[in-house]
Amino acid sequence: MRPRKYDDAGQAFPIYITVVAGLLFLAFAYLAVGQAAATRNGAQTAADAAALAAAQDRRDQLVGRWLDNLLNPDLWQDIFDGNVDGLDPSCWRAQQLAEENDAHVVGGGCEPEWDPPAYTVEVKTNDPVGDSIVPGTAETYATAEARAVIKPRCEFQLSDEDNGNNVDLPQLKCRGKNWDLDPDDLSDLPGPEDLFDVHLAD
């Protein structure tokens, strides 16, 4: 009976080795998937941040143009709609935020849109996925794309009355808050986040 026990143990050893090898392979496979997912998530984070940064820079320029034309409400609607000439490019902010997230904007990967105002940004990670059991990952980089939209938060109604040389500024209604603007006291004005909403979109 004892020799049979030794024979059974000898037969079980190769099976044990095979099972352990299979488990190790699965562990490395899961690790490779995790590496790829982390790199992909990093790329998407960089793309989101880059698109939002470009859109926010454009928003801030629109706010500046609104402040410059505060006493000319006939121009407000075009400004809120983003129909403004002479604004500076904003893609430099996209590149800046991508670099802060270990990525870069790919060539032609920052595109402004006008109706509605928006920025679509595509980025690529600076570092590859890394070595793994999956062939080719050592030189595989992740790419991602994001789109950030700028939308006005305020509405107003122009007055039909002619007040001569007196400026009558319309009331701004901005998502639940009303702003009564006094041309003789412009110390209390809505901020960029009151005037425009910047958010990621599909």
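Summary of values
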read-out: Odd one out for ASP127, checked against (1) of a type outside the set (Lys, Arg); (2) at pLDDT below 90; (3) in a strand (DSSP E or B); value: (3)
read-out: PRO135 modelled with pLDDT of 95 or more and either touching a Leu at 6+ places or on another chain (Cβ under 9 Å) or not hydrophobic (A, V, I, L, M, F, W, C) (or both); value: no
read-out: Residues located in segment 114-123, provided they are surrounded by 14 or more Cβ atoms within 10 Å (Cβ to Cβ) and more than 13 Å from ALA49 (Cα to Cα); value: PRO117, ALA118
read-out: Of residues in segment 44-76 being among the polar types (S, T, N, Q) and outside any helix (DSSP H, G or I), the one surrounded by the most Cβ atoms within 10 Å (Cβ to Cβ); value: ASN69
read-out: Selection from segment 88-125 of residues that are among the aliphatic types (A, V, I, L, M) and more than 15 Å from THR143 (Cβ to Cβ); value: LEU97, ALA118
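The values are calculated or read from the model by the stated rules, or taken from the named source; none is laboratory data. If you're wondering where the values come from, they're calculated on a predicted model, not measured in any experiment. No Cβ is skipped: glycine too gets one built from the backbone with ideal geometry, and neighbour counts run over all protein chains shown.
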